[in-house]
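Participant: Quick one: this structure, given as structure tokens, is what I'll be asking you about.
Read-outs: derived from the displayed coordinates by stated rules, not from any lab. This one's a predicted model, so the numbers in the text were calculated from it and none came from an experiment. Heads up, the Cβs are rebuilt from the backbone with ideal geometry, glycines too, and the neighbour counts pull from every protein chain shown.
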Amino acid sequence: MKALGEIGWRQAFRFGFYTLAMIPYRLALVPQLRAPWLRLLGAHLGRRVILHDVRFFNLYRRGLAGLEIADECFLGDECLLDLAEGIQLERQVTLAERVLVLTHTNVGYRDHPLQLHFPAKAAPVVVEAGAFLGANVTVLPGVRIGARSFVAAGSVVTEDVPTATLVGGVPARVLRAIGDGATER
């Protein structure tokens, strides 16, 4: 009952609704059937979006209306998207397998002893056009990943990534700028 006291009946109802509403999404075995179902539930999805076995949590907060995926995006198996706040993926963004996008952090209930030192935070995440996030990347709340940037596998992105940049590591740091491709190999 403590959880119900924290979120209230309305949010509890939304949690139940989205839990049931996502059953057909989970049963859709091919990516082409998942996008129309998410659109029906309020997500904003462009053309030719591929959603493999993508999971969503905190749907009771913003709902799927907080999800914007532009044309020709690819989301790999076992990606996990936190919809406590909005997530925007611009055109031709690729999320490889097991990418985790967090839009909130919270250590627990309001009376948790660490709340004083680590207060809850919630902020949207934006991944700009043509960016690539490698396998097992974690993106923290409020981060903007610049257009045509490459985030190396296993990285933890804690701050904004400039346009056309290769970043990697824990925490992710700039490794080099990415040129226009004409002279690079």
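Participant: Taking amide H positions as placed in the peptide plane 1.01 Å from N, state which residues far from Ile145 in sequence (5 or more) or on other chains have amide H under 5 Å from it.
Facilitator: Excluding prolines and chain starts, which carry no amide H, the hits are Val126, Val127, Glu128, Val161.
Participant: Could I ask something else about it? Do the sum for the chain: with -39,500 (n - 2.57) for every DSSP H run of n ≥ 4, divided by all residues, what is the mean residue ellipticity at 222 nm, to the nearest 500 deg cm²/dmol?
Facilitator: Estimated from H runs of four or more residues: -7000 deg cm²/dmol.
Participant: Can you list the residues of the stretch 23-58 with backbone N under 14 Å from a point 7 Å past the Cα of Glu78, pointing along Cα to Cβ?
Facilitator: So the set is 53-55.
Participant: Let me ask something else. Return Trp37, Trp9 ranked ascending by Cβ neighbour count within 10 Å, so the fewest neighbours appear first.
Facilitator: Least crowded to most crowded, the residues run Trp9, Trp37.
Participant: Please go through the stretch 103-164 and write out the chymotrypsin sites (Phe, Trp or Tyr not before Pro) that DSSP classes as loop and that have at most 16 other C-beta atoms within 10 Å.
Facilitator: Sparse-neighbourhood loop chymotrypsin sites (Phe, Trp or Tyr not before Pro): Tyr109.
Participant: How large is ³J(HN,Hα) for each residue in the stretch 43-57, as worked out from phi by the Karplus curve 6.51 cos²θ - 1.76 cosθ + 1.60 (θ = phi - 60°), to whole Hz, x for Gly and Pro?
Facilitator: Karplus-based 3J(HN,Hα) across the stretch 43-57 equals 5, 9, 10, x, 7, 6, 7, 10, 10, 6, 7, 8, 10, 10, 9 Hz.
Participant: Anyone know which of Leu64, Leu51, Leu41 comes out most mobile in the 10 Å Cα GNM of the chain?
Facilitator: Leu41
Participant: Could you tell me how many degrees, from 0 to 90 and to the nearest 10, lie between the Cα long axis of helix 31-40 and the main elongation axis, the longest principal axis, of the Cα atoms of the chain?
Facilitator: Once rounded, the angle reads 50 degrees.
Participant: Let me ask something else. If I compute Cα extents along the principal axes in Å from the structure I just sent, which labelled value in (1) 46, 35, 29; (2) 61, 43, 19; (3) 41, 41, 36 lines up?
Facilitator: After the calculation, the listed value that fits is (2).
Participant: Okay, next question. In the Gaussian network model of the chain, springs joining C-alpha atoms below 10 Å, which of Val49, Val151, Val174 carries the largest mean-square fluctuation?
Facilitator: Result: Val174 has the largest fluctuation of those listed.
Participant: Let me ask something additional. Provide the per-residue ³J(HN,Hα) series for the stretch 148-162, in order, calculated from phi with Karplus coefficients 6.51, -1.76, 1.60 and θ = phi - 60°, each as a whole number of Hz, with x at glycine and proline positions.
Facilitator: Using θ = phi - 60°, the values come out as 6, 8, 10, 9, 5, 3, x, 6, 10, 8, 9, 8, 4, 10, x Hz.
Participant: Could you tell me how many degrees, from 0 to 90 and to the nearest 10, lie between the Cα long axis of helix 2-27 and the main elongation axis, the longest principal axis, of the Cα atoms of the chain?
Facilitator: The two axes meet at around 60 degrees.
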